[in-house]
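Worksheet: the structure to be examined is printed underneath.
The values are calculated or read from the model by the stated rules, or taken from the named source; none is laboratory data. Keep in mind that what you see is a predicted model, and the values were worked out from it rather than measured. All Cβ positions, glycine included, derive from the backbone under ideal geometry; neighbour counts span all protein chains shown.
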Amino acid sequence: MLALVGDLAQKAATLNPHLGAEILTKTPGIVLIDELDLHLHPKWQRHVIEDLRTTFPKLQFVCTTHSPFLIQSLRSGEELLMLDGQAPEHLWQLSIDTIANGIQEVPPGTSARYEEMQSVATDYLKLLEEAAQAPNESRAAYESRLADAISPFADNPAFQAILEFQRAAKLGS
């Protein structure tokens, strides 16, 4: 961010030395920035647009982003151009979740890993119920399937322990 601001200030000073101490506030122009949010912490993303506006009030910034934080920081009357669909007005009034889900079409939720673990746990418990109803001679096959189901989660011993505890309670050790 410092390099960006420094580069803009240097260009303004080079192109408009006659503006003196008012170079930053009086230099007009258009600045294109691809992925303004790149490498910025979300806290910085929330105010970077306003900071650029304040520092360079005569510059028009045209930026790309995938950040709902930047989208949320747009003022009423500023444009959000989207490749598909029409952006609503008053973006600053919308929550990050609403922007991510409604505008960027990223549904709210948990991580893919968490959702996979939830699905595996549900399937595991269903399979455990089947195993409990199955005759004793088919239990070994069920035990193998149950062990295979949780083996990808060896990095999460608590997850495995809870499901194995359920298995032991249902089928015995």
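This table checks each residue for (1) part of a helix (DSSP H, G or I); (2) in contact with a helix residue (DSSP H, G or I) (Cβ under 6 Å, 6 or more places away or on another chain).
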site	(1), (2)
D7	yes, no
Q10	yes, no
A13	yes, yes
E22	yes, no
D37	no, yes
K43	yes, no
T54	yes, no
Checklist entry - Taking only pairs six or more apart or across chains, which ones have beta-carbon atoms under 8 Å, a first residue in segment 3-17 that is over 17 Å from I30 (Cβ atoms), and a second residue that is surrounded by 14 or more Cβ atoms within 10 Å (Cβ to Cβ)? => result A13/I23; P17/I23
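Being at pLDDT 90 or above and aliphatic (A, V, I, L, M) is true for just one of L94, L83, L40. Which residue is that?
Numbers: L94 fails: at pLDDT 90 or above; L83 fails: at pLDDT 90 or above.
None of the other options fit; the residue is L40.
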Item to check | Output for segment 92-120, where each listed residue is over 14 Å from the mean Cα position of the chain (by Cα) and of a type in the set (V, I, T) | outcome: V120
Checklist entry - Just a yes or no: is a residue in segment 126-147 outside any helix (DSSP H, G or I) and within 12 Å of L171 (Cβ to Cβ)? => result yes
Checklist entry - Being over 30 Å from L94 (Cα atoms), at pLDDT below 90 and not in a helix (DSSP H, G or I), is that true of even one residue in segment 161-172? => result yes
Checklist outcome for this item: Result of the Cβ filter at 8 Å on segment 135-150, keeping first residues that are under 19 Å from Q118 (Cβ atoms) and partners that are small (G, A, S) and at pLDDT 90 or above, at least 6 apart or interchain, is L146/A131
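Would you confirm, using the coordinates I've provided, whether R75 is closer than 30 Å to I150 by Cα and either at pLDDT 95 or above or of a type outside the set (F, W, Y) (or both)? Let's see the steps before the verdict.
On the way: closer than 30 Å to I150 by Cα: no; either at pLDDT 95 or above or of a type outside the set (F, W, Y) (or both): yes.
Here the answer is no, as R75 does not meet what is asked.
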